[in-house]
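The values are calculated or read from the model by the stated rules, or taken from the named source; none is laboratory data. In this text, all values refer to a predicted model and were calculated from it rather than measured experimentally. Heads up, the Cβs are rebuilt from the backbone with ideal geometry, glycines too, and the neighbour counts pull from every protein chain shown. The protein model used for the area step is the full one, side chains on, heavy atoms only, and it has no ligands, DNA or RNA in it. Shrake-Rupley method; radii C 1.70, N 1.55, O 1.52, S 1.80 Å.
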Amino acid sequence: LIEYRGSDKVDSIKLMVDSGASHALLLDPEEDETIIIPEERIETNLGKGLGGNINGQIGRIKGFQLNDLSFNEVLASYHDPGIYNKNIKRGSRSGTLGGDILSRINPIFDYINGYMYYYKGKRYKNGFIFDMSGMQITAYGPNLKLAIINSVREDSPAYEAGIRGGDIIKKFNGDNIQNILLTKIYTSLRKKPGAKIKMKIVRNGIELKKCFRLRKLI
């Protein structure tokens with residue numbers, strides 16, 4: 001159970017720990033009426049499942065408390081209504097707690113007894129930062145060494161620079177795409193507002209150079 005501060009009200013909710021998820025929190029307002037989606041939010045692709053893309057929204061909740069550890073201005077994801085199969089058993093939890101939280105608390109899992117122990121990690125005080133480019137990027141090809149832009153949010157730095165869904169990334173900040181990890185790209189796109197991003201893309205067989213500066217979208 002965690003203390004959830006979605007508004008001025010404090011509620012306790014039950015979450016499943018998902019160590020394979022990159023998000024901080026994925027909350028289910030369909031299942032728990034105490035969960036309120038923030039007014040300031042953006043539409044986004046939350047990931048992919050067996051049935052394809054999982055679309056939803058992301059916003060910031062005021063915070064939550066995990067026993068004696070407090071987190072403020074946390075990024076929370078909300079899947080679109082009806083996104084999960086109705087045959088899936090519901091009612092046991094209000095969402096999931098993912099990697100963006102786990103990376104801050106150094107968890108130790110006792111699978112036999114069903115406990116999770118944790119203590120503050122080096123990233124405990126770091127702020128929760130969302131992608132500041134507007135791009136959704138996917139790795140593909142041999143050994144997942146290539147990258148393609150799935151989509152680009154309108155009114156985002158990447159869109160304003162002329163980058164579009166379907167563009168293939170050839171170079172990112174001077175590095176050949178085959179020589180860098182996708183995680184490094186994502187880290188660069190969350191670095192800091194104003195950071196300059198330079199890319200060489202391929203569109204319809206034509207190479208194009210694009211440049212933009214990051215800014216906060218949420």
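For segment 134-158: of the residues being under 16 Å from residue 193 (Cα atoms) and out of contact with any helix residue (DSSP H, G or I) (no Cβ under 7 Å at 6 or more places or on another chain), which is modelled with the lowest pLDDT? Checking each candidate, the answer is 155.
Residue-wise test of (1) closer than 19 Å to residue 17 by Cα; (2) among the small types (Gly, Ala, Ser).
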| position | (1), (2) |
| --- | --- |
| 76 | yes, yes |
| 79 | yes, no |
| 102 | yes, no |
| 114 | yes, yes |
| 121 | yes, yes |
| 142 | no, no |
| 150 | no, no |
| 156 | no, yes |
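Identification of strands (runs of 3 or more DSSP E) wholly contained in segment 119-218 with 1 or more residues that are free of Cβ contacts under 8 Å to residues at least 40 places away in the same chain and loosely packed, with under 14 Cβ neighbours inside 10 Å yields 135-140, 196-203, 206-213.
Of the numbered criteria (1) in contact with a strand residue (DSSP E or B) (Cβ under 9 Å, 6 or more places away or on another chain); (2) at pLDDT below 95; (3) aromatic (Phe, Trp, Tyr), the one residue 111 fails is (1). Can you name the residue in segment 18-67 that is under 11 Å from residue 97 (Cα atoms) and open to solvent by 60 Å² or more (accessible area, probe 1.4 Å) and, of all such residues, is modelled with the highest pLDDT? Looking at the filtered set, the residue picked out is 19.
Considering only segment 104-115, I want to know if a residue exists there that is aromatic (Phe, Trp, Tyr) and either touching a Lys or Arg at 6+ places or on another chain (Cβ under 8 Å) or in a helix (DSSP H, G or I) (or both). No: zero hits. A count restricted to segment 125-163 and to residues that are among the acidic types (Asp, Glu) and under 16 Å from the mean Cα position of the chain (by Cα) stands at 1. Among all positions in segment 68-77, there is no residue which is under 27 Å from residue 213 (Cβ atoms), more than 12 Å from the chain's Cα centre (by Cα), in a loop (DSSP other than H, G, I, E, B) and at pLDDT 90 or above.
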